[in-house]
Each structure stands twice: as structure tokens, then as C-alpha cells.
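What follows draws every value from the coordinates through simple rules; no lab data is involved. For clarity, every value in this text was computed on a predicted model and none was experimentally measured. For neighbour counting, all protein chains shown are included, and Cβ atoms are generated from backbone atoms with ideal geometry for every residue, glycine included.
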Amino acid sequence: MPNIAFVNGRFMPLAQARVSVEDRGFQFGDGIYELIRTYGGRVFHIEDHLRRLEQSAEALGLSMVYSKSRWKAILEKAHGRSGYPDAKLYIQITRGAAPRDHSFPKKTRPSVIITVRKLTPLSDQLHEKGASVITVPDLRWGRCDIKSVNLLPNIMAREKARSAGAFEALFVRDGLVLEGAGSNVFAVIQGRIVTPPNGPFILSGITRDLAIGLAREARDPVIEKGIPLEELLGAEEVFLTGTTTEILPIVKVDGKPIGDGRPGRTTRRLYQQFLQTIRP
Ligand code: PMP
């Protein structure tokens, strides 16, 4: 089965998908996105992703173009056409093509793009052994809660992590660890699960919410508060959450071991709980 694209109402093989060079997503990064994954043929938390897409659209005065039920039908169809049981559904809405001018064009049709690709899950070994991360200064803007396609600071941070042999880069602003370039961060500090609060400096992760729910189900207290870098370095456990990252133990931050340098008990238990939720 080929990788699939959907561009402004039409399905086609991904290799044939095109947008205008005057598209404002291309020219200005004037657009938003979502990445949804499927597990064994089922689209994971589609409602939550569509709600977040709508919040991003509202924040930037963009139209969702389709109703929620239409979005769902299109996404299911796109996924069905690809035939991949485990797929990444990428959605992007931009303000559309218009002569280049910073202010919003009076009349333009938003561009709606969906691509479907096969998802390669993270290895079991990474989950068993845990991953390492680096920290970087947060160079992003003041609305990180909007899932905008402007990702330069994120890609630069991720590139730095990759060249350091690390899985992820964590952004630090005013001494506080906020989130990863493409994931949310949690720590277990003095027996309590801590994660930075939602607000303008993090993306409200869908897996983050899920992890908080799972922790509370197991009667583990979760505290939403800023995590100073020194506290993270001294934590018993650190883990990341994200659509493709799932719940991933972190065993090293900036080359320093976390806890005993192995995935912690709470993280491992949360991951097992998470796996239960994705099994049909
Ligand atoms: N923060 C950032 C900056 C991200 O890009 C992502 C990935 N979408 C996340 C957090 C995790 O969010 P989610 O669990 O919804 O994938």
C-alpha cells in the first residue's frame, strides 16, 4: 500500500501531493498541525486531537474547514486507504495560498493536508533500558500551547540531541524544565509525580493527560508545578510522554544518571497501565 495524502478534499498517493509556493504555511509558517497515531487499526484519541486542533485554529483565527464528524470520517478513510495497522496521521491546516503579505489575506481558502505513513514504534530495548536527554535553553515564543508549524527551535534542539547521542532535548526557561522538543516531561521527586502545568510555555499533551489519569487511577499523587533543573537532576525517576514516545523512561540527563540509572518502578508501572489502554 502506498503512503496516502489528502489535499483540499482529494486523496492521492503521497508522492503526487502538491501545494502552491504561495501557501502561507510555506511562506510564513502560518499554520497548525496534529499528529495522531493508530494502534492495530484504531485511531488513538481522535476526539482529543481534534479538540486541540480546534483550539490551535481558534487561537490563530484559522478555520477548521470541516465539522468534527467530517474530520473523523476523512481521517478514518485516509487510514483505511493506507492499510497500515500502525500509522501516523499527520494533519496540517494553513491559511492557504495568497500573494505574500504579512497581514491576513481578505479572501483565501485554507489548505488542508493529511498524510498517512507507516509508523515504526520505538524499540522494546529503549523502553527496557531507558533513554538519555540533554537540556537546552528555550528559544521558543510565548504561545507554545498552540501547535503551530513554526518548529525551528524544536528542530534545532532535536538536532542537538541527536548529535549528542540523546533521544530528546528538554527546554529550560528561567531555570525551569518545561517539556521536550516533541514530548512532555515528568519526574518522580520525593515519591511524588511532578509535571509542569499547562499554560503558554508547554503543549497540553494528550499522552500527558492520559499519564496523569493513569497515575491518579493508581492513587499516585500528581503535582502540576514547575521543575527546577536541579530538582530534575536529583529526581528518583524521569519520563517523557508523547504520541509516538508513549511513556518512556529517561535514565540520563545531560550525561548524569537519574536514580540508579535504570527505569524506575513508577515509570514502568505507568507504561504497563498505558499498554492496557491501547489493547482493543
Ligand atoms: N510537547 C511538544 C512540543 C510536542 O510537539 C508534543 C508532540 N505532539 C508533545 C509535547 C506531546 O503531545 P502528545 O502527547 O499530544 O503527542
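A few comments on the model shown:
- Full extension of the chain segment joining Asp254 with Ala59 gains 66.7 nm, where the gain is 0.36 nm per residue of separation less the Cα-Cα distance.
- The charge dipole of the chain, taken about its Cα centre with unit charges on the Cβ of Lys, Arg, Asp and Glu (plus for the first two, minus for the last two), comes to roughly 1000 debye.
- Antiparallel DSSP beta bridges within the chain, as percent of all bridges there, nearest 5: 80
- Cα-based shape type of region 1-64, given that a ≥ b ≥ c are square roots of the gyration tensor eigenvalues and the cut on a/c is 1.5: oblate
- The slack between Met12 and Thr108, meaning 0.36 nm per residue of separation minus the straight C-alpha distance, is 32.3 nm.
- Counting only the Cα atoms, region 200-256 fills a convex hull of 109 Å³ per residue.
- For region 99-116 and region 212-234, distance of Cα centres in Å: 40
- Computed from point charges on the beta carbon alone (+1 for Lys and Arg, -1 for Asp and Glu), the dipole magnitude for region 151-244 about its Cα centre is near 180 Debye.
- Set of aspartates and glutamates with alpha-carbon distance to Lys72 below 16 Å, sequence-local pairs under 8 removed: Glu34, Glu47, Asp48, Glu54
- Size of the chain as Cα extents on the principal axes (Å, biggest first): 56, 42, 34
- Computed as a quarter of the hull surface, the mean projected area of the alpha carbon convex hull for region 33-173 stands at 10.6 nm².
- With the simple spin-label model, which puts each label point 7 Å out from Cα in the Cβ direction, the Gln272 to Arg100 separation comes to 5.7 nm.
- Whichever aspartates and glutamates have a C-alpha closer than 15 Å to that of Lys256, once near sequence neighbours (fewer than 8 apart) are set aside: Glu168, Glu230, Glu231, Glu236, Glu237
- Dimensions in Å of region 54-127 - Rg and Dmax from alpha carbons: 16.2, 52
- In sequence order, region 98-112 has phi-based couplings of 7, x, 5, 7, 4, 5, 4, x, 5, 10, 8, 8, x, 8, 10 Hz under the Karplus curve 6.51 cos²θ - 1.76 cosθ + 1.60, θ = phi - 60°, and Gly or Pro positions carry x.
- DSSP bridge orientation in region 124-278 - percent antiparallel, rounded to nearest 5: 65
- Order of Phe274, Phe239 under a 10 Å beta carbon neighbour criterion, fewest first: Phe274, Phe239
- Taking Cα atoms only, the orientation of helix 265-278 departs from the longest principal axis of the chain by about 30 degrees.
- Rounded to the nearest 500, the 222 nm mean residue ellipticity of the chain from helices alone is -9000 deg cm²/dmol, with -39,500 (n - 2.57) taken per DSSP H run of at least 4 residues.
- Region 78-141: trypsin sites (Lys or Arg not before Pro) in DSSP coil with no more than 13 other Cβ atoms inside 10 Å: Arg100, Lys106, Lys107
- Unit charges at the beta carbon, dipole of the chain: most positive-side option, Ser63, Asn184, Leu151: Ser63
- On a per residue basis, the convex hull of the C-alpha atoms belonging to region 131-250 measures out at 94 Å³.
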